[in-house]
Amino acid sequence: MVKNEEWYFDQKGKRFDGRGQFEQRPINLKVGVIDRADGSAYVEWGQNKAVAAVYGPREMLPKHMANPNKATIRYFYRMAPFSVPDRKNPKPGRREIEISKVSGEALSRAAELEQFPNTAIDVFVTILDANAGTRITALLAASLALADAGIPMKDLVSGTSVGKAGGKLISDLSKHEEDAPDAVDLPIAMLPNSDEVVLMQMDGPLTEKEFNEILEVARKSCKEIKDMQVKVLKERFKDDFNGD
Ligand code: CDP
């Protein structure tokens with residue numbers, strides 16, 4: 001892969017790593033990787049690697065934090081110290097706390113939390129290797145792990161990052177593209193059944209036309225990724241599907 005070069009597209013319109021304009025990096029999903037957890041998953045998205053473990057629903061402690069109407073999802077996104085070029089301080093930073101907050105809220109839109117009042121569902125996601133797009137990689141893993149834990153869900157959370165680099169709209173930005181002078185990074189997560197957007201962040205300017213165009217690309221990618229998530233869950237629970 002070409003690194004540290006200030007170009008983003010070749011003459012044929014291919015990206016610096018050979019991808020097409022709206023081509024995602026390869027995605028691999030695994031469910032049930034941590035025996036101790038109630039549910040777990042592992043996701044590779046290009047170079048990104050995330051492992052998620054879910055514990056619960058279990059008693060909320062401290063008790064005064066319990067919600068008598070529904071379960072509370074506590075989401076812990078963390079980057080391993082060795083996952084990035086400069087050692088990441090293991091102490092949770094502001095970025096990890098922010099990502100944990102918005103990702104937990106996104107998952108809470110998908111899970112049927114009313115079924116488990118007064119409980120906590122703890123979702124731990126660790127990034128083992130990072131190259132841009134880790135909050136979405138983490139969210140895919142968390143969503144699969146929740147389903148693996150048997151938590152009823154109205155939909156899976158699916159997501160991608162879209163945006164702009166080198167003057168063109170693109171999907172699934174790599175770190176090189178995120179660092180472009182004109183980069184716009186727009187991570188987005190959806191419930192693909194209803195098209196409900198459950199996470200959206202944006203760190204640069206887009207015109208309304210560009211925004212609408214790239215949102216459509218993201219919507220399509222989310223549906224494709226959701227199909228992959230369903231496939232891996234069906235495989236995991238194939239005996240429960242009665243061959244369906
Ligand atoms: O990973 P994501 O795109 O969701 O979040 P970001 O804050 O936009 O970070 C983009 C990328 O910067 C990460 O995926 C890592 O590759 C890199 N990064 C890093 O090298 N060191 C950090 N402490 C944080 C992020």
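The values are calculated or read from the model by the stated rules, or taken from the named source; none is laboratory data. The model shown is predicted, which means the values in this text are computed figures rather than measured ones. So basically every Cβ, Gly included, is an ideal-geometry build from the backbone, and we count neighbours across all protein chains shown. Areas reflect the complete protein model, heavy atoms only, side chains present, ligands, DNA and RNA absent. Shrake-Rupley method; radii C 1.70, N 1.55, O 1.52, S 1.80 Å.
Out of ASN67, ASN48, I need the residue that is open to solvent by 10 Å² or more (accessible area, probe 1.4 Å) and in contact (Cβ under 8 Å) with a residue 12 or more places away in the chain. Which one? Result of the check over ASN67, ASN48: ASN67. Residues that are touching a helix residue (DSSP H, G or I) at 6+ places or on another chain (Cβ under 7 Å) and more than 13 Å from the ligand (Cβ to nearest atom) within segment 172-195 comprise MET190, LEU191, PRO192, ASP195, listed in sequence order.
Looking only at segment 78-131, how many residues end up being free of Cβ contacts under 8 Å to residues at least 60 places away in the same chain, more than 11 Å from the ligand (Cβ to nearest atom) and open to solvent by 80 Å² or more (accessible area, probe 1.4 Å)? Of the residues in segment 78-131, 6 are free of Cβ contacts under 8 Å to residues at least 60 places away in the same chain, more than 11 Å from the ligand (Cβ to nearest atom) and open to solvent by 80 Å² or more (accessible area, probe 1.4 Å).
Taking the criterion of being in a loop (DSSP other than H, G, I, E, B) and more than 21 Å from the chain's Cα centre (by Cα), the residues of segment 113-134 that qualify are PHE116, PRO117, ASN118. A single entry from GLU5, GLU23 fulfils the requirement of being at pLDDT below 95, of a type in the set (D, E, K, R), surrounded by fewer than 17 Cβ atoms within 10 Å (Cβ to Cβ) and part of a loop (DSSP other than H, G, I, E, B): GLU5.
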